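Undergrad: Dropping a structure here in structure tokens format, bear with me for questions.
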Amino acid sequence: MDQLTYIVREINSILWGPWCLIPILVGTGIFYTFQLRFVQIRQFGRAFKHVFGALSFHGERAGKHGMTSFQSLATAVAAQVGTGNLAGVATAIAMGGPGAIFWMWLAAFFGMATIFAEAVLGQLYRSHDSEGHIGGGPAYYISKGIGSRSLAVIFSVILIIALGFVGNMVQANSISTAFESAFHIPTWVSGLFIITLAGFIFIGGISRIASFAEKLVPFMASVYVLGSLYIVISCYDAIIPALESIFIGAFDPSAATGGVIGASVKEAIRYGVARGLFSNEAGMGSTPHAHAQARVRHPAEQGLAAIIGLFIDTFVVLTCTAIVILVTGVLDGKTTGIILTQNAFVTGMGDAGPGFVAVCLFFAAFTTIVGWYFFAVQNVKYLFGTKPVNAFSVIVLAFLMMGSFLHVDLVWELADMFNGLMVIPNIIAVVGLFRLVVRAVNDYENKFLKGEKPMFGPSETLTDRFAQLQNAIRRGRRKHQVKE
């Protein structure tokens, strides 16, 4: 097992090194930020109003025609807010120092533009399966947008492994570890409870998943943020030093920790971006599956919802964990993962700390399990149709049980590796289709918001309208070629 962990870690050192995924992801975010003229800043107010202006925790029942915009967002956030926000950020700080948080923030800021583009493309290329249910996600815009069925298949296979199997093992592993540490509950007991509850949600399909997400996600995030704020306010005199350590540590990790961590700038960047991706999933190609389900008036509206989802994940929930760890002074260079987070909450809350973290992590990780299962199912349907879904669900439950027992280092390293492999085919399509995203944004801002008839209409008829647009573009190209 140690040898396998070493091999996977070596692969990740290349994959997540300074010459592979980090510049690709950050570069894509920068590229889209300028192409969309800083849409994450210009339209942030409208995005906030779109999400919370008509907020309801009892939206209409989701079904074959998709979900409400808020249900889609809640499903996406359910997947985003997981162990990466509690255990992952602790690992990033332990391995890369407080400066890793700065690189998380920077990657997330540019990632807002990337995830906006992913959501828009998810809307534009969604379609109906043989039973009339909406399907969408990177596999669809890879195959239809850039015309590569083989690359779409590769993406789907990697996603099923990355999220349906390995990723969900991470979530189950973190839950069982936290409950064993806080309540001395054996890991096998936690595993049985997880698969029982997950099986109940899986059986209910999209309607139960959407209902579960829209109710539990806001409650989960609110409780965790309020608990974190209690600790931060109690340690108010350490807030400024904590923030200083983040900015100093981004460029000089040793100065920020007095040499306790022993991290380099390279490690701060690597762990910050890697754990940031695992948390916010921008560029990874996972959340478009949820955003493709949204019933919206214009595809750009769901892009704005995606921006808010990333903001909540990284700049609210993840930052709460980071600041709590830093203001409580528990960073010792030895402890990592969920144990480090629990130590921080013990310092801030006393004996109630481990239980608080364990319960919050359970809800965060379990909602992620449900979200990732939903994403994986969309790709199972894309590859094989609807028949294998029940068998796939059973396999996922088996992996959840197995994840409760595996060593955390190997599980996290495998998750990083497969998440990284997912990025490559998705980013190829996202960058290759940038002109279409820019056209959709311009259509939204210059026509839709001004009350004029937009080129991209309501999501129910968008597939047909987009096909007409593509045909018009092709006809225009042929006429141009004839004239030449």
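Undergrad: Non-local amide H neighbours of Met67 (under 5 Å, H modeled in plane, Pro and chain starts lacking H): which ones?
TA: Under 5 Å from the amide H of Met67: Ala294, Arg295.
Undergrad: Relative contact order for the chain: what is it in percent, counting Cα pairs under 8 Å that are at least 6 residues apart?
TA: 33
Undergrad: Another question, if that's okay. Treating only the Cβ atoms of Lys and Arg (+1) and Asp and Glu (-1) as charged, compute the dipole magnitude of the stretch 262-359 about its Cα centre; round to the nearest 20 debye.
TA: Dipole of the stretch 262-359, to the nearest 20 debye: 220 debye.
Undergrad: For the chain, what does the helix formula give at 222 nm: sum of -39500 (n - 2.57) over DSSP H segments with n ≥ 4, over the residue count, nearest 500 deg cm²/dmol?
TA: -23500 deg cm²/dmol
Undergrad: Still on this structure: For a Förster distance of 51 Å, can you work out the FRET efficiency between the beta-carbons of Ile30 and His184, rounded to the nearest 0.05?
TA: The computed FRET efficiency comes out at 0.60.
Undergrad: Given a Förster distance of 41 Å, report the FRET efficiency between Ser234 and Lys266 from their Cβ-Cβ distance, rounded to the nearest 0.05.
TA: 0.75
Undergrad: About the Cα centre, and with charges only on the beta carbon of Lys, Arg (+1) and Asp, Glu (-1), how big is the dipole of the chain? Nearest 20 debye, please.
TA: 2380
Undergrad: Same structure, new question: Would you mind checking the tilt of helix 149-159 against the longest principal axis of the Cα atoms of the chain, expressed as 0 to 90 degrees and rounded to 10?
TA: Result, in degrees: 20.
Undergrad: Oh, and also: Quick one: accessible surface of Val431, probe radius 1.4 Å, all protein chains present, in square angstrom to the nearest 10.
TA: Here the residue's solvent-accessible area equals roughly 50 Å².
Undergrad: Here is the link list: Lys381/Lys453; Lys49/Lys447; Lys266/Lys334; Lys215/Lys450; Lys144/Lys215; Lys144/Lys387. Which ones come out longer than 30 Å on Cα distance?
TA: Flagged as over cut-off: Lys381/Lys453; Lys215/Lys450; Lys144/Lys215.
Undergrad: Would you kindly derive the ³J(HN,Hα) couplings of the stretch 281-288 from the backbone phi angles with the Karplus curve 6.51 cos²θ - 1.76 cosθ + 1.60 (θ = phi - 60°), listing them in order in whole Hz, with x for Gly and Pro?
TA: With coefficients 6.51, -1.76 and 1.60, one gets 6, 5, x, 7, x, 8, 5, x Hz.
Undergrad: If you don't mind, there's one more thing I want to ask. If I ignore ligands, DNA and RNA and count only protein heavy atoms, how much of Thr177 is accessible to a 1.4 Å probe, in Å² to the nearest 10?
TA: The accessible area comes out at roughly 50 Å².
Undergrad: Please work out the C-alpha center-to-center distance from the stretch 345-392 to the stretch 285-299 and express it in whole Å.
TA: 20
Undergrad: Tell me the accessible surface of Ser222 in square angstrom (1.4 angstrom probe, heavy atoms of protein chains only), to the nearest ten.
TA: Accessible surface of Ser222 is approximately 60 Å².
Undergrad: Using a 1.4 angstrom probe on heavy atoms only, work out the carbon and sulfur share of the accessible area of the chain in %.
TA: 65
Undergrad: Rounded if a/c is under 1.5, else prolate if a/b is larger than b/c, else oblate: which is the stretch 63-124, with a ≥ b ≥ c the root eigenvalues of its Cα gyration tensor?
TA: Cα axes put the stretch 63-124 in the oblate bin.
Undergrad: Ordering Arg435, Arg9 by accessible area with a probe of 1.4 Å, largest first, what comes out?
TA: So, going from the largest accessible area down, we get Arg435, Arg9.
Undergrad: Can you list the residues, at least 5 places off or on another chain, whose amide H is less than 5 Å from the amide H of Gly135, using H built in the peptide plane?
TA: Those lying under 5 Å, H to H, from Gly135 are Ser127, His128, Asp129.
Undergrad: With point charges of +1 on the Cβ of Lys and Arg and -1 on the Cβ of Asp and Glu, referenced to the Cα centre of the chain, which listed residue (Thr335, Val359, Ile395) lies farthest in the positive direction of the dipole?
TA: Ile395
Undergrad: Right, next: Quick one: 3J(HN,Hα) in Hz for the stretch 30-39, Karplus 6.51/-1.76/1.60 with θ = phi - 60°, rounded, Gly and Pro as x.
TA: 3J(HN,Hα) across the stretch 30-39, in whole Hz: 5, 4, 6, 4, 7, 4, 9, 6, 6, 4.
Undergrad: Once label points are set 7 Å from the Cα along Cα→Cβ at both Phe38 and Leu197, what is their separation, rounded to one decimal in nm?
TA: 4.2
Undergrad: Working from the pairwise distances between different alpha carbons, so that the mean of 1/r is found and then inverted, what is the chain's Kirkwood radius in Å?
TA: The Cα-based Kirkwood calculation yields 22.4 Å.
Undergrad: HN-Hα J couplings of the stretch 308-314 from phi, Karplus 6.51/-1.76/1.60, θ = phi - 60°, integer Hz, Gly and Pro as x?
TA: Here the 3J(HN,Hα) series is 5, x, 5, 4, 4, 4, 8 Hz.
The values are calculated or read from the model by the stated rules, or taken from the named source; none is laboratory data. Computed from a predicted structure; not experimentally measured. Using ideal geometry, Cβ is built from the backbone for each residue, glycine included, and neighbour counts are taken over all protein chains shown. In case anyone asks, the SASA skips ligands and DNA or RNA and just uses the protein heavy atoms, side chains included. Shrake-Rupley method; radii C 1.70, N 1.55, O 1.52, S 1.80 Å.
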